[in-house]
Amino acid sequence: MGWLKFSILGEPAGGYGLAIAGYPGVANVGAGVVTYLSEELGAEPLARLYSEYLFLPGNVAGISISEDGSFELPSIDIYHTREKVSSVGRLLLITSQVQPVPWGQLEVASKLLGKLMSLGASSLLVVTGFADPDIAGRVLAFGTNSDLLQRIISAGAEEKTPMKSIVGLAGATLASAKLFNLPYVSLTGVSETSAPDFRAAGEVLKILNSALNLQLNLGSIERRIREFEEMKRSILRQLEEQISSMTSTGSDETGYVG
């Protein structure tokens with residue numbers, strides 16, 4: 001049993017119906033969706049899970065130091081909405097900036113699920129990303145919560161599972177939900193590549209907005225997608241210019257083309 005600790009940051013409001021979790025992963029869909037929901041819905045910090053299995057990016061133990069000298073340990077953060085913002089009541093929103101090391105994922109996930117259920121969560125939705133250029137832009141779903149799954153499919157998701165596995169904390173969270181007999185749905189945004197892609201996250205947000213009646217500002221989602229696309233185009237232009245410059249210089253100096 002590894003070292004794990006919950007730090008309580010707020011007073012539970014009660015009446016939580018659905019817990020939505022999303023973590024760093026393929027195209028950053030999971031973490032991107034939950035972070036956006038937290039911001040748009042005015043979610044407040046409720047609890048934080050620390051563990052010796054949570055390392056800084058690069059798999060090193062340590063702390064993140066801010067400019068004012070304060071610091072934080074890597075953690076999994078639980079937020080909540082104090083008001084009922086959807087047709088399923090108040091929401092619990094779970095995300096992190098890091099992944100547990102592989103041998104600690106199930107232990108961390110089981111502790112997390114135990115805390116969510118103790119807070120009253122009656123259902124779980126895990127958001128993930130999947131890279132497949134042939135079906136990019138689609139949103140895929142499966143799960144045991146038939147009512148939630150049907151809402152999501154009616155909102156435009158497809159009940160398909162072309163992926164062979166779900167890895168990391170997302171997979172461990174779903175596995176723990178099954179072991180805890182907590183009804184769940186897995187919701188996956190498909191991207192062209194594994195690189196961060198807010199378009200895939202945006203498609204998931206549109207599905208959730210309709211399925212759960214969240215009344216999100218879709219204009220804000222579209223603006224972020226446009227900003228993301230412009231940033232990608234700018235980076236590609238810079239890369240093309242650098243490659244063109246290097247190729248031009250190389251052919252003058254060496255006299256051959258490769």
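The values are calculated or read from the model by the stated rules, or taken from the named source; none is laboratory data. Quantities reported herein were computed from a predicted structural model and do not represent experimental measurements. Glycine gets a Cβ as well: all are built from the backbone with ideal geometry, and neighbour counts include every protein chain shown. Areas reflect the complete protein model, heavy atoms only, side chains present, ligands, DNA and RNA absent. Shrake-Rupley method; radii C 1.70, N 1.55, O 1.52, S 1.80 Å.
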Out of SER118, SER110, SER87, I need the residue that is within 19 Å of SER186 (Cβ to Cβ) and open to solvent by 10 Å² or more (accessible area, probe 1.4 Å). Which one?
SER110
Considering (1) touching a residue at least 60 places away in the same chain (Cβ under 8 Å); (2) surrounded by fewer than 18 Cβ atoms within 10 Å (Cβ to Cβ); (3) among the hydrophobic types (A, V, I, L, M, F, W, C); (4) over 20 Å from PHE6 (Cβ atoms), say which one ILE135 fails and leave the rest.
(1)
Conditions: (1) within 23 Å of ASP77 (Cα to Cα); (2) open to solvent by less than 30 Å² (accessible area, probe 1.4 Å); (3) not β-branched (Val, Ile, Thr). LEU148 meets all but one. Number of the miss?
(1)
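Kindly indicate whether SER96 is surrounded by fewer than 22 Cβ atoms within 10 Å (Cβ to Cβ), among the hydroxyl-bearing types (Ser, Thr, Tyr) and within 21 Å of SER191 (Cα to Cα). Step through it out loud before you land on a result.
Numbers: surrounded by fewer than 22 Cβ atoms within 10 Å (Cβ to Cβ): no; among the hydroxyl-bearing types (Ser, Thr, Tyr): yes; within 21 Å of SER191 (Cα to Cα): yes.
No; evaluated as a whole, the condition is false for this residue.
Just give me the residues in segment 151-162 being assigned to a loop (DSSP other than H, G, I, E, B), of a type outside the set (Ser, Thr, Tyr) and open to solvent by 60 Å² or more (accessible area, probe 1.4 Å), in sequence order.
GLU159, LYS160 - these are the residues of segment 151-162 that are assigned to a loop (DSSP other than H, G, I, E, B), of a type outside the set (Ser, Thr, Tyr) and open to solvent by 60 Å² or more (accessible area, probe 1.4 Å).
I'd like to check which strands (runs of 3 or more DSSP E) are fully inside segment 3-119 and have at least 2 residues that are modelled with pLDDT under 95, touching a Leu at 6+ places or on another chain (Cβ under 8 Å) and at negative phi.
Working: elements: 4-8, 16-22, 44-51, 76-80, 90-96.
Qualifying strands (runs of 3 or more DSSP E): 4-8, 16-22.
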